[in-house]
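So the structure is just underneath, and the comments pick up after that.
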Amino acid sequence: MKRRAFLGTAALLGASSVTRAQKLLPAQDVGALVARITGGAVPERGGIEVELPPIAENGNSVPFRVRVPSPMSAADRVTALHVFAERNPRPLVAAFHFGPGAAKADVATRIRLAVEQKVTVLASLSGGRWRLVERPVLVTAAACIDEGV
Amino acid sequence: MAIARLQVPATARAGEAVEVRLLVQHPMETGFRREADGRAVPMNVVNRLSVTYGGEEVFRAEMGSGIAANPYLAFWIVAKSSGEVVVEWVDDKGDKGRVAQPIAVS
């Protein structure tokens, strides 16, 4: 998938909800975004470890780590991880791609979360397999609600 | 030019998994923020960051405004032979950055 095109669509999807009333960001349909990436294939549930605090005190910087147990061999490997936040103004948070030299399907970063919501992680595995998990997270001080507050 | 810190072990055994940690200094402007005078601050994030080791891409991140300011990334690579870990990135304005560290593999 062309990232530009995808982000463009994601931004359009988001645009309708990016209004003065950002505090009440409606949940966007992550399922549609997932389907665009998987090409309609339904991902298997589970098999992804997500480290995310149950309560994020600062939505501007939430520690986040994803691990997928995988031998990372040529035949059986994780090729990419996609992260979605359904109530962020732009629900596509990031995509991480692992090359042949990657030792583990393990990535840690810090994300922004606009409000209390569900974070979705989609893993792309070799052989056209997909896995998906969802994790709820509470946010006490929200990110990106400058507008209209 | 953005500044970054890249941390990789200076030495490693062949075949060992080593952690690469990276911190890029960048505001990751969401485009939803306003200046004190009401002007909107345009979106500007590091949208693409690529990591190569020995000339081969080992990791790539495509990021949006959902990544916190001063993006931090940690991931694992296989130390196969002595070489350089090179990180290159570009933001929405087209500003590019690069940082590199060698690994000596025995």
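Computed with a 1.4 angstrom probe on protein heavy atoms, the B-A interface buries about 2800 square angstrom of accessible area in total. The alpha carbon centroids of the stretch A:66-144 and the stretch B:21-39 are separated by 23 Å. Can you give the accessible area of B:ILE103, probe radius 1.4 Å, in Å² rounded to 10? Here the residue's solvent-accessible area equals roughly 10 Å². Under the classification rounded if a/c is under 1.5, otherwise prolate if a/b is larger than b/c and oblate if not, where does the stretch A:18-94 fall, given a ≥ b ≥ c as square roots of the Cα gyration tensor eigenvalues? Judged from the Cα gyration tensor, the stretch A:18-94 comes out oblate (a/c at least 1.5, b/c at or above a/b).
Largest accessible area first, the residues A:ASP29, A:ASP106 order themselves as A:ASP29, A:ASP106 under a 1.4 Å probe with ligands, DNA and RNA left out.
State log₁₀ I(q)/I(0) for the protein assembly as shown at q = 0.15 Å⁻¹ as given by the Debye formula over alpha-carbon point scatterers of equal weight, solvent excluded. Calculated log10 I(q)/I(0) at the listed q: -1.07.
Taking a Cβ cut-off of under 10 Å around A:LEU138, the surrounding Lys, Arg, Asp and Glu residues balance to a net charge of -2, with basic ones at +1 and acidic ones at -1. The stretch B:4-105 gives an Rg/Rh value of 1.09, both radii derived from C-alpha positions and Rh following Kirkwood. The label point for A:THR140 and the one for B:SER106, both projected 7 Å from the Cα toward the Cβ, are 4.8 nm apart.
Which of the aspartates and glutamates could a cross-linker bridge to B:LYS80, judged by Cα under 20 Å and excluding same-chain residues fewer than eight apart? Straight-line reach from B:LYS80, under 20 Å: A:ASP76, A:ASP106, B:GLU16, B:GLU19, B:GLU56, B:GLU57.
The values are calculated or read from the model by the stated rules, or taken from the named source; none is laboratory data. Remember, it's a predicted structure, so these values are computed and weren't measured experimentally. Here the Cβ is made from the backbone with ideal geometry for all residues, glycine too, and neighbour counts use every protein chain on show. Accessible surface areas use protein heavy atoms only, side chains included; no ligands, DNA or RNA. Shrake-Rupley method; radii C 1.70, N 1.55, O 1.52, S 1.80 Å.
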